[in-house]
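Inspection log for the structure reproduced underneath, given as structure tokens.
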Amino acid sequence: TISFPTIIFPLELFGHYRENDKASWKNTLSRQQGVYVITNTDNGKLYVGSATGRNGIYQRWKNYIDNGHGGNTELSKLVEQQESDVETHFRYTLLEHYDSTVPKNVVLAREAYWKQALDTRKHGYNDN
């Protein structure tokens, strides 16, 4: 079972859970919205993101498995340049989680707070 808020793991572990169809893990993350941070353990840079769409955190993190960057411009550049092995050097941490009834704007406001608090627009991978 998942114990919130202690989710910290490398992408390869998330892939292992997905591939082995850990149903309870998938179902729990699918019902949660949240704010997360990705840490590049090579250089310490951070990326703060949020999951507010269908299938919540599970779907958002699955996007990172599928292409390595989840659609983020700065992370996409890293993947293209192969500057960092995202599968082994990116660590995912859930900062905050909310059930699916919380309005999207609340989650996005918390994402903006964490971007400012961690200064990820200037010293990380956030460009918005």
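Taken together, the values in this text are just the output of simple stated rules run on the coordinates, not laboratory data. Bear in mind that the values here come from a model prediction, so they are computed numbers and not experimental data. Cβ atoms come from the backbone with ideal geometry, glycine included; neighbour counts cover every protein chain shown.
Please specify each residue of the range 18-75 satisfying the condition of being over 20 Å from Pro103 (Cβ atoms) and of a type in the set (S, T, N, Q). Within the range 18-75, Asn20, Ser24, Asn27, Thr28, Thr39, Asn40, Thr41, Asn43, Asn63, Asn67, Asn72, Thr73 meet the criteria.
Here is the figure for the range 109-128: residues that are in contact with a Ser or Thr (Cβ under 6 Å, 6 or more places away or on another chain), in a helix (DSSP H, G or I) and loosely packed, with under 15 Cβ neighbours inside 10 Å total 0.
Residue-wise test of (1) in contact with a Pro (Cβ under 8 Å, 6 or more places away or on another chain); (2) without any contact (Cβ under 8 Å) to a residue 24 or more places away in the chain.
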{"residue": "Asp42", "(1), (2)": "no, no"}
{"residue": "Lys45", "(1), (2)": "no, no"}
{"residue": "Glu87", "(1), (2)": "yes, no"}
{"residue": "Leu94", "(1), (2)": "yes, no"}
{"residue": "Ser100", "(1), (2)": "no, no"}
{"residue": "Pro103", "(1), (2)": "no, yes"}
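Across the range 63-99, the number of residues qualifying as basic (Lys, Arg) and out of contact with any helix residue (DSSP H, G or I) (no Cβ under 9 Å at 6 or more places or on another chain) comes to 1.
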